[in-house]
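Written out below as C-alpha cells is the structure these notes cover.
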Amino acid sequence: MNDTPRISRQFSLCMVMETIVHCGPISRASIAKQTGLSKQTISEIARQLEDDGWIRETGRTSGHVGRTAITYEIVPESACIATVDLGGTKVRAAIADLACQVLGELTEPTDSRGGLHVVRQIARLCREAAKTNNIAMEKVRLAVVGVPGAPDRATGRILMAPNIPGLDEIDVEAALGKELGVAIMLENDVNLAAIGEHWIGSATGVDDLVYIALGTGIGAGIMVGGELVRGFSNAAGELGFLPFGADPFEPDSLKYGALERVAATFGMRNRYKELSGKPLEVPAIFDAAETGDAHAIKVLDETARYVARTVAAICAITNPGKVVLGGSIGGRSELVSRVRALLPLCFPNPVEIGTSELGTKVAIVGGAAVGLTHLHATLFSGGVPGAAITLPPANVVKLVEAAQ
C-alpha cells in the first residue's frame, strides 16, 4: 500500500502547525507564503486543527482593497508538560504550555528523607503548579524531571546522586508515573541546563558547548554537533569523579567523587573551617572574601584552580566552542573571573568562558524544551520520521519572565 499521501499530509500538518506556533496570530495567506503549501491544503489542515482544539481563530486582519483574512493562533492550554528541576537542596516545578510559556513555577526545599518522599513531593508540586495557573491535570501529558545523577533507563533508578538518599533503590520513573498518571522522562539536570542554554540562553546557536554546574555537586552537560553526549550509562559529564582534588583512591571518592569533595559546597566549607577554625556557609565565604578575609580568598583561589583544571580537561577532549559556568557557586562572578585568568596558564588554546543567562531557571527551561519537542512530535508528527516542529526562540521573553 502506497503510504506517500499520508506522509505528505503529515509533513504539511507539521509545517502549518510550526508556522502558527512561531508566527501566530497569522492568516492562511501568510501561512501559504511561508510554507509554499496551497491555500486549499492549508484551509483543510487549519479546519482539522481547529476542530481538534489545537488552534483557534483570533479575529480578522485587514487585507488589500478592503479584504479581511481570518487569523489563527495556537491554543496554549490544549496540552501541557510539567518540567521539574530536582536538586540536592531545592526542587522546582513548573508547567509549560504549547506556546512555550513556562507557568506557575513553585520551589521548596527537597525532602531530606529522599526516596518515595521526594517522588511524592515532585508529584504534589506538579499538581500545585497546574492548579496555580488553572490548568487541568488531564491537559498535562508528560513530566520531564531533571535529576542530579545518572538515570538508569533499564531500572528507572537514579544512580550517582549521593546528595538525595534512596533514589538508587527505587524505580523513580515508575513511581512518579503512578503518582502523576502521565508519561515520565528522567534526564540529568545538567544535560537539561545545556539544552536550555543552547535553546534560549547564553550559548544559543553554539552546537559544540559545555555547561558546567558547580554547587552542591559538580557536573557538565556536553553537546557535540548540537546533540547531547550521554555516554553508555547516561553518566557522561559527571565531573565530580575526575581523579584529582582529593585522593581518588579513598573510599569517599567512590561515593562523592574526588573533585566534588574539594570543589563543591562541602569542600569549600570544609576548607574554610580547616584554614580558619570557624564554620562558614559558602555564600558567607564569598562575602568574607569581598571584605578581604585571607582565608576566604584562599578558598576561592583554590576552588578556581580546580575549576580551571576541570575546564582544561574537558576542552582537551571535546574542544567546545563555548563553556558556560553556572550553579550557585560556578555562576558567581568572583569565581568566573579567576577561572578566566587561570585557564590560559594550564591550557594552550583560547576558550570562551560565559555565564548562564538563565540562572536558577536553566534546568526548568531545558526541561520545557525537551518536553515540548517530544509533545509536539507525539501530537502532530503521526509517527512519520523527520516530521517535526521546531521550538520558537521568539517566546524566550515570555518563558523567562513567566518563570521568575
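All of the numbers you see were taken from the coordinates with simple rules; none came from a lab. Source: prediction; values computed, not measured.
Give me the percent of DSSP beta bridges within segment 203-356 that run antiparallel, rounded to the nearest 5. If we restrict to bridges inside segment 203-356, about 50 percent are antiparallel. Considering only alpha-carbon pairs that sit under 8 angstrom and 6 or more positions apart, the relative contact order computed for segment 4-74 is 33 percent. In the elastic network of the chain, a GNM with C-alpha springs shorter than 10 Å, the most mobile of ILE184, ILE364, ILE26 is ILE26.
If contacts are Cα pairs under 8 angstrom and at least 6 residues apart, what is the relative contact order of segment 203-356 in percent?
On the way: 251 pairs, mean separation 38.2, N = 154.
This gives 25 percent for segment 203-356.
Legend: distances between Cα atoms for LYS322/LYS361; LYS139/LYS255; LYS178/LYS361; LYS255/LYS278; pairs beyond 29 Å are LYS139/LYS255. State the label only: which of (i) 24.5; (ii) 21.2; (iii) 22.7 corresponds to Kirkwood radius over Cα pairs in Å computed from the shown model? Checked against the structure: label (iii).
222 nm [θ] for the chain, helices only, -39500 (n - 2.57) per DSSP H run of 4+, per residue, to 500? Write out the running numbers ahead of the final one.
Values: 14 runs with 176 residues, N = 404.
It lands at -13500 deg cm²/dmol.
Rounded to the nearest 5, the antiparallel percentage of DSSP beta bridges internal to segment 74-228 is 65%.
Computed on segment 147-284, with alpha-carbon pairs under 8 angstrom and 6+ residues apart, the relative contact order is 15 percent.
Shape class for segment 178-293, computed from the alpha carbon gyration tensor (a ≥ b ≥ c): prolate, with a/c not under 1.5 and a/b above b/c. Put simply, the convex hull of the Cα atoms in segment 4-74 casts, on average, a shadow of 4.6 nm². Within the chain, the selection of entire DSSP H helices by a Cα span of 24 Å or greater along the long axis and an average Kyte-Doolittle value of at least -0.5 returns 4-23, 115-132, 294-318, 362-380.
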